[in-house]
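Novice: Shown below is the structure under consideration.
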Amino acid sequence: MALMEALQKADDGNFLRSLAETVLQILMEADVEGMIGAGRYERSGERSTWRNGYRDRTLDTRLGQLNLRIPKLRTGSYFPPFLDARKTTEKALVSVIQEAWIAGVSTRKVDDLVQAMGLSGISKSQVSKLCKEIDERVGAFLNRPLEGDWPYLWLDATYLKVR
């Protein structure tokens, strides 16, 4: 029923975005119902806890910014398995930002790229934070031990005489 409502109200050109929001919301509701042991407003002896409202969360995706309502529980906690904790961007979007940074694109142009993808933008510090993972990988690669036999060591150099 909720999918039909999403299809009917998605006349504003954001059909896929609203459909993704609705599907993710339905998945979260079903997951919480299974975790609690009862549906919303349902009386059940197997109920382990009660719902306690929602918390809003945005998720930046290739479809645009999705507004999700994550169910809260009175005792215990619930976090959707398809989201990463403390991350609000989709992995593909993070990869695009990291690739642009590796290619030498400035943080201002990365912000323009993100806005062209339909998102609200990204700050310099967020770009740096996302690319910190790359720096750690490069550092680990550069500081790895070189062990084993090396029968050949090939060096290539260019010598320029400058006055």
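Novice: Would you mind stating whether Glu99 is modelled with pLDDT of 75 or more and more than 27 Å from Leu24 (Cβ to Cβ)?
Specialist: Values: modelled with pLDDT of 75 or more: yes; more than 27 Å from Leu24 (Cβ to Cβ): no.
The answer is no for Glu99.
Novice: Sticking with this structure for a sec: Residue check: is Ala85 modelled with pLDDT under 75 and part of a loop (DSSP other than H, G, I, E, B)? Let's see the steps before the verdict.
Specialist: Details: modelled with pLDDT under 75: yes; part of a loop (DSSP other than H, G, I, E, B): yes.
Considered against the rule, which asks whether it is modelled with pLDDT under 75 and part of a loop (DSSP other than H, G, I, E, B), Ala85 comes out as yes.
Novice: I need the full set of residues from the stretch 47-67 which are more than 30 Å from Asp111 (Cα to Cα) and at pLDDT 80 or above, in order please. Lay out the reasoning, then the answer.
Specialist: So in the stretch 47-67, the residues more than 30 Å from Asp111 (Cα to Cα) come out as 47-54.
The answer is Ser48, Thr49, Trp50, Arg51, Gly53, Tyr54.
Yes or no, residue by residue, for (1) assigned to a loop (DSSP other than H, G, I, E, B); (2) more than 19 Å from Asp84 (Cβ to Cβ):
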residue	(1), (2)
Val105	yes, yes
Val127	no, no
Asp135	no, yes
Phe141	no, yes
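Novice: Keeping to the stretch 8-40, report how many residues are at pLDDT below 70, in a helix (DSSP H, G or I) and under 20 Å from Gln65 (Cβ atoms).
Specialist: Here the count works out to 1.
The values are calculated or read from the model by the stated rules, or taken from the named source; none is laboratory data. None of the values given here were measured: they were computed from a predicted structure. In this analysis, Cβ positions are derived from the backbone assuming ideal geometry, glycine residues included, and neighbour counts consider all displayed protein chains.
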